[in-house]
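Below is one structure, written out as structure tokens; the observations come after it.
The values are calculated or read from the model by the stated rules, or taken from the named source; none is laboratory data. Please read all numbers here as calculations on a predicted model, not as lab measurements. Heads up, the Cβs are rebuilt from the backbone with ideal geometry, glycines too, and the neighbour counts pull from every protein chain shown.
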Amino acid sequence: MSKQKLRKSLAATYYPEIKDLYWVETHISSDGFSITAEKGIEGKHLISGSIIWKGNDRATMVYDRNMGSVDLKVIDSNTIEIDGDILIRVR
């Protein structure tokens, strides 16, 4: 099974109420991030940029190409919050 199909299967298992499966993967490192949107088994890179840390658990994500920024809060090792949206890691 491909990686994308496995992700879709896991997401459908944990979130059966989602009719039109769509999710966003956000990869965050100590100094940068990238965001990929996925629908079904197709993935598309959306945007990337740098991270400016304000403390141990708060940062600003600054988009490349001067498209703005959002606030990032690390809640725990599996949960982040980006501009009020809670995102969890699906393993």
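Of note:
- Any pair with Cβ under 9 angstrom, 6 or more apart, that starts in region 25-38 at a residue that is in a loop (DSSP other than H, G, I, E, B) and ends at one that is at pLDDT 85 or above and of a type outside the set (A, V, I, L, M): Ser30/Trp53; Asp31/Ser50; Asp31/Trp53
- Some residue of region 41-54 being part of a strand (DSSP E or B), at pLDDT 80 or above and surrounded by fewer than 11 Cβ atoms within 10 Å (Cβ to Cβ): no
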